[in-house]
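Read-outs: derived from the displayed coordinates by stated rules, not from any lab. Source: prediction; values computed, not measured. Note: ideal-geometry Cβ built from the backbone for every residue, glycine included; neighbour counts use all protein chains shown.
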Amino acid sequence: AIKQVQELQDLQDADPVIKQLMDYSQVLEGLARHASTHAAGVVITPKALTNYAPLYKAPGSDDITTQFDMKCLESTGVLKMDFLGLRTLTVIQHTLNALKERGIEIDIDNIPLDDKDTYRIFGDGQTTAIFQFESNGMREYLRKLKPQTIPDIVAMNALYRPGPMDFIDDFIDRKNGRKKIEYQHPKLEPILKETYGIIVYQEQVMKIASELAGFSLAKADLLRRAMGKKKADLMAKMGQELIAGAQQNGISKKVAQDIFTTMEQFAKYGFNKSHAVCYSYVAYQTAYLKSHYPAEFMAATMTSEMGNSDRIVFFINECRNMGIDVLPPDINVSGAIFSVVDGKIRFGLGAIKNVGRGAIESIITARNTNGPFKTIFEFTQRIDLRAANKKVLESLVKSGAADSLEGNRNQLFEAIENATAYAGSLAKDRAKNQVSLFESNEMQEAIAPTLQNLPDWEAAEKLAQEKELLGFYISGHPLDPYRIEIQTFSTMMINEIEESRKDGVLVSICGMLTGDKLIYDRRNRPMSFLTLENFSGSIECLAFADAYAQYRDLIRPENVLVVQGKISAREEEQPKIIVDKILELQDAWQEMARGFYINFPIDQLRSEFCTKLNQLFRANPGKCRLYFQLQLNGEKKQMYRSKKFSIRPNQELLSRVEALVGNENVWVDAALDFQRK
């Protein structure tokens, strides 16, 4: 850079401090920045590790690692194994434990492998929370493939990776008979038959080398490793050996060369079949649980993601799509983790910030011993206030977990001080063995403090406190009135952007502005990192100086906006949106809405209902086309465009039409400058 960039040279020449900085930097450049640890790697030696490799102990940690990296370790002959820990296995176990409490015992290792409901989960692409199969791209391919066997799932697991992904459509067409299955030589058929003539697995590469060229399996494995690690010299040498061996077995040189070229192409990306089988079997187990015990499975999944609020929001929406209600935390019902009560998922107390294990154990023990809590004063008497201090109580009230007690949240919050003082006083009396006339529960209730006569907090304040304590909204959402705008003006959901990581793709996202971090560019112009949030999560949007200058008046906390721009999805970074344009909702309605659709029964055409609709349309003239879809005997029939009206959609009009026909019978189509998801 110093050689190529004149500004750097000028800086060096003009400032001795910068010259010294550059000199030091060139000494440091290329050195290891820090010691890192393989998440699953374990080194095994026959005697003390120090006889084979230098060791390293990270400051503040008891973990001991080798100073050699994995390649160096392998070259010294040390055995290195990777033991992968999967969160999914814990999810499966939690699901089985929950079912066992209901008297349902399942041997997960012996479930039927031909279960139609489980394959329907895959074939319909309903694989949210299914290990290794929940990305949007994977779900699209699953809908095309319609897997019906474990090998189908295994092949898709192996193919859905950079490189072989290009051959997924070919694989699907061959499986479904739309494309002829061809083999370069008859000896390849038994090896490639299960994958319809396409090399998918590393083991197939080894088998081809063994069967066609007479390689030992050890030698075939060397070929596989050479291909996978792109060792050109070794590949060329072994390729010649393979072609020569194939010729000795009666295969022509040209066919042998073609086969080796195909092997070389796939082995670069080929996946280990044993891995794919293990992953796919675990995926099948999770899909089996999701299809047959959806509430217990989703509760276990949310428990595993308890510390990730974006994922919890995502799974709550998935539960809604599945018809499963998710109930807020409740000190009279909830356990530590997410649980299922009467087919509904109940939030765990462990999901509430500041509420630790000791407090939860105290609450559950007291509840199991003497039944549910009625008042906050009784609650503080019965639990251990050393484990559940004032901060814990405030968190329980603010999160809504104490809503089953007498009084509203404001009353309960203001009563915490008196309730803890009252409980502490009773505890001291008991400790001194002072038996009083007021020891009975009835007498204690008579002298207990009472709640102040206070109105409840506003809905917006409740939601803000839930967000603070839970990381998301549980009793509602500030964006609930804007659901149709979010659906209409968004080309993708926010969580889909993170999953797909489609760099450079144009998107439009509708949501609430929840953050604004102002910084300055190299020319000292203001720019901003905006945080946009909707029901599917949150995403950072980068408004460079020009965009920020144009739209800065719209950048206000809690403003509901439509942000349009390009996805920036660089490696090892969370995807962002590079802002091109920002619209307020009223402008989005005018610029983007192209069709307003209403569905209603045909027998209402001559009723007062139509008169009310006409009044609304006359009061909102505009350029948006109006369409009616008429129902006959409950079935949707032909769509008609209104020749009389073109309207100006807005939130008020939408709300009034929804009040007449129901929100499920109104929808809007937006003309976007992007391809809709």
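The relative contact order of the range 80-230, computed from alpha carbon pairs under 8 Å that lie at least 6 residues apart in sequence, is 12 percent. Calculate, for Ala421 and Arg618, the FRET efficiency according to 1/(1 + (r/R0)^6) with r their C-beta to C-beta distance and R0 41 Å; round to the nearest 0.05. Computed FRET efficiency for Ala421 and Arg618: 0.05.
Helix 202-213 and the longest principal axis of the Cα set of the chain meet at an angle near 20°. Pairs of lysine residues in the range 19-166 that meet both criteria, 8 or more places apart or on different chains and Cα atoms under 23 Å apart, total 8. For the range 551-598, trypsin sites (Lys or Arg not before Pro) meeting the loop criterion (DSSP other than H, G, I, E, B) and having at most 14 other Cβ atoms within 10 Å: Arg570.
Using a basic spin-label model with each label point 7 Å from the Cα along Cα→Cβ, how many nm lie between Thr37 and Asn308? With each label placed 7 Å out from Cα toward Cβ, I get 2.1 nm. Where both bridge residues fall in the chain, DSSP classifies roughly 80% of the beta bridges as antiparallel. Near Glu533: Cβ cut-off under 12 Å, other residues only, Lys/Arg at +1 and Asp/Glu at -1. The net charge is -2. Sequence-distant contacts, meaning Cα pairs under 8 Å at least 6 residues apart, place the relative contact order of the chain at 7 percent. Name the residue from Leu660, Tyr160, Leu89 whose Cα lies farthest towards the positive end of the charge dipole of the chain, charges +1 on Cβ of Lys and Arg and -1 on Cβ of Asp and Glu. Final value for the positive-end residue is Tyr160. Full extension of the chain between Gln4 and Asn389 yields a length gain of 132.4 nm, computed as 0.36 nm times the residue separation minus the alpha carbon distance.
Taking every lysine pair in the range 479-625 that is 8 or more places apart or spans two chains, those with Cα atoms closer than 13 Å amount to 4. The GluC sites (Glu not before Pro) of the range 84-138 meeting both criteria, a DSSP state outside H, G, I, E and B (loop) and at most 10 other C-beta atoms within 10 angstrom of the site's C-beta, are Glu105. When the label point is put 7 Å from the Cα of Asp480 along its Cα-to-beta-carbon vector, which residues of the range 373-411 have a backbone N closer than 12 Å? Backbone N within reach: none found. Rounded to the nearest 20 debye, the dipole magnitude of the range 76-162 is 340 debye, with +1 charges on Lys and Arg beta carbons, -1 on Asp and Glu beta carbons, and the Cα centre as origin. Spin-label pair Glu406-Asn97: with each label point 7 Å from Cα along the Cα-Cβ axis, the two points sit 3.6 nm from one another.
Selection among Pro59, Pro112, Val42 by position relative to the dipole of the range 42-131 gives Pro59 as farthest towards the positive end (Cβ unit charges, Cα centre). Dipole of the range 498-641 computed with +1 at Lys/Arg Cβ and -1 at Asp/Glu Cβ about the Cα centre; of Gly504, Tyr597, Met527, farthest Cα towards the positive end is Tyr597. Fully extending the segment from Thr45 to Asp107 would add 18.7 nm, taking 0.36 nm per residue of separation and subtracting the current Cα-Cα distance.
At Thr365 and Gln604, where each label point lies 7 Å from the Cα along Cα→Cβ, what is the point-to-point distance in nanometres? So the two model labels end up 5.8 nm from each other. Stretched out straight at 0.36 nm per residue, the stretch from Glu558 to Glu652 would grow longer than its current Cα-Cα span by 31.9 nm. Each helix, a run of at least 4 DSSP H residues, gives -39500 (n - 2.57); summed and divided by the residues of the chain, these come to -14000 deg cm²/dmol at 222 nm. Dipole size of the chain about its Cα centre, with +1 on Lys/Arg Cβ and -1 on Asp/Glu Cβ: approximately 1820 debye, rounded to the nearest 20. Loop-located trypsin sites (Lys or Arg not before Pro) in the range 219-259 (DSSP state not H, G, I, E or B) with no more than 15 neighbouring Cβ atoms inside 10 Å: Lys229, Lys230, Lys231.
Each Cα pair under 8 Å and six or more residues apart adds its sequence gap; the mean of these over the residue count of the range 511-569 is a relative contact order of 35 percent. Straight-line cross-link partners of Lys254 among the lysines, defined as a Cα under 24 Å from its Cα and at least 8 positions apart when in the same chain: Lys180, Lys187, Lys193, Lys207, Lys219, Lys230, Lys231, Lys237, Lys268. PRE reach from Gln247 (point 7 Å along Cα→Cβ): which of the range 204-232 fall under 20 Å by backbone N? Under 20 Å, as judged by backbone N against the label point of Gln247, lie 209-216 of the range 204-232. Put a plus charge on the Cβ of each Lys and Arg, a minus charge on the Cβ of each Asp and Glu, and nothing anywhere else: the dipole of the range 1-137 about its Cα centre is then about 400 debye.
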